[in-house]
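S.K.: Mind having a look at this structure? Questions to follow.
The values are calculated or read from the model by the stated rules, or taken from the named source; none is laboratory data. Everything numeric here is computed off the predicted structure, so don't read it as measured data. All Cβ positions, even for glycine, are placed from backbone atoms using ideal geometry, and neighbour counts span all protein chains on display. Ligands, DNA and RNA are stripped out before the accessible areas are found, and what is left, the full protein with its side chains, is counted by its heavy atoms. Shrake-Rupley method; radii C 1.70, N 1.55, O 1.52, S 1.80 Å.
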Amino acid sequence: MSWWLRHIGWWPPLLGTGVKVTRLDKDLRAVDVEMRLRRWNKNYRGVHFGGSLFAMTDPFYMMMVATNLGSEYVVWDKAASIRYKKPGKGRVRAEFRLTEEKMAEIRSVLEAEGRYDSRFMVEIKDDEGGVVAEVERVIYCATKAAHAERAMLRGRIG
């Protein structure tokens with residue numbers, strides 16, 4: 001695991017919102033984060049600011065997939081959406097898991113088609129286990145050849 005990943009909790013977007021990485025497996029198959037309600041991450045109503053909740057989920061699946069696929073692939077965040085379920089009060093948590101089945105699915109599609117938009121769902125929960133928000137992350141994965149071909153075609157068209 002790189003130095004950067006071991007120290008991701010000091011990355012300004014996470015540090016600034018108060019997101020703390022509480023688990024980071026060496027193989028990057030499991031990551032847990034939490035965020036306490038602080039005056040700098042609460043909204044007008046006194047609960048967690050939605051942008052901070054969304055930021056909790058930002059880099060993790062992209063980094064997990066990129067690390068597990070390896071350097072011969074291109075991996076980027078492509079899209080994300082959030083659905084708020086209830087106000088977030090106190091401490092909230094999110095768990096990210098990358099299963100062997102999901103990696104097998106990604107590799108299979110990449111082998112057949114060269115690129116794939118993989119979808120992941122993560123729940124942000126409060127201390128009682130209630131779902132505060134559901135976040136869907138779409139991760140673009142491609143072989144370097146398929147990515148380069150797509151970029152070349154875009155250059156001709158655009």
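S.K.: If I filter the range 116-135 for residues that are modelled with pLDDT under 95, assigned to a loop (DSSP other than H, G, I, E, B) and at positive phi, do I get at least one hit?
M.R.: no
S.K.: Looking only at residues in the range 122-147 that are of a type in the set (Gly, Ala, Ser) and more than 18 Å from residue 80 (Cβ to Cβ), which one is surrounded by the fewest Cβ atoms within 10 Å (Cβ to Cβ)?
M.R.: Across the range 122-147, the extreme among qualifying residues is 129.
S.K.: Would you be able to say whether some residue in the range 148-156 is among the hydrophobic types (A, V, I, L, M, F, W, C) and either open to solvent by less than 40 Å² (accessible area, probe 1.4 Å) or at pLDDT 95 or above (or both)?
M.R.: Within the range 148-156, not a single residue is among the hydrophobic types (A, V, I, L, M, F, W, C) and either open to solvent by less than 40 Å² (accessible area, probe 1.4 Å) or at pLDDT 95 or above (or both).
S.K.: Of the conditions (1) in contact (Cβ under 8 Å) with a residue 40 or more places away in the chain; (2) exposed (fewer than 12 other Cβ atoms within 10 Å of the Cβ); (3) among the charged types (D, E, K, R), residue 77 fails just one. Which one is it?
M.R.: So residue 77 meets the others, but not (2).
S.K.: From 97, 119, grab the single residue that is closer than 17 Å to residue 142 by Cβ, open to solvent by 60 Å² or more (accessible area, probe 1.4 Å) and either of a type in the set (A, V, I, L, M, F, W, C) or in contact (Cβ under 8 Å) with a residue 12 or more places away in the chain (or both).
M.R.: Only one candidate passes the filter, namely 119.
S.K.: Condition first: of a type in the set (Gly, Ala, Ser) and under 20 Å from residue 83 (Cα atoms). Now tell me which residues in the range 15-70 satisfy that.
M.R.: Hits for the range 15-70 are 46, 50, 51, 52, 55.
S.K.: Right, something else. I'm trying to understand the selection: among the residues of the range 93-113, which are more than 15 Å from residue 66 (Cα to Cα) and either in contact with a helix residue (DSSP H, G or I) (Cβ under 7 Å, 6 or more places away or on another chain) or in a helix (DSSP H, G or I) (or both)? Steps first, answer last, please.
M.R.: Kept after step one, since they are more than 15 Å from residue 66 (Cα to Cα), are these residues of the range 93-113: 93-95, 101, 108-109, 111-113.
Listed by number, the residues that qualify are 101, 108, 109, 111, 112, 113.
S.K.: Restricting the range 38-65 to residues that are within 30 Å of residue 101 (Cβ to Cβ) and either among the small types (Gly, Ala, Ser) or more than 10 Å from the chain's Cα centre (by Cα) (or both), which is surrounded by the most Cβ atoms within 10 Å (Cβ to Cβ)?
M.R.: Ranking the qualifying residues of the range 38-65, first place goes to 53.
S.K.: Search the range 47-73 for residues that are free of Cβ contacts under 8 Å to residues at least 40 places away in the same chain and farther than 24 Å from residue 26 by Cα and pair each with any residue that is outside any helix (DSSP H, G or I) and among the basic types (Lys, Arg) when their beta-carbon atoms are under 8 Å apart and the residues are at least 6 apart or on different chains.
M.R.: Going by the 8 Å Cβ cut-off, the qualifying pairs are 49/42.
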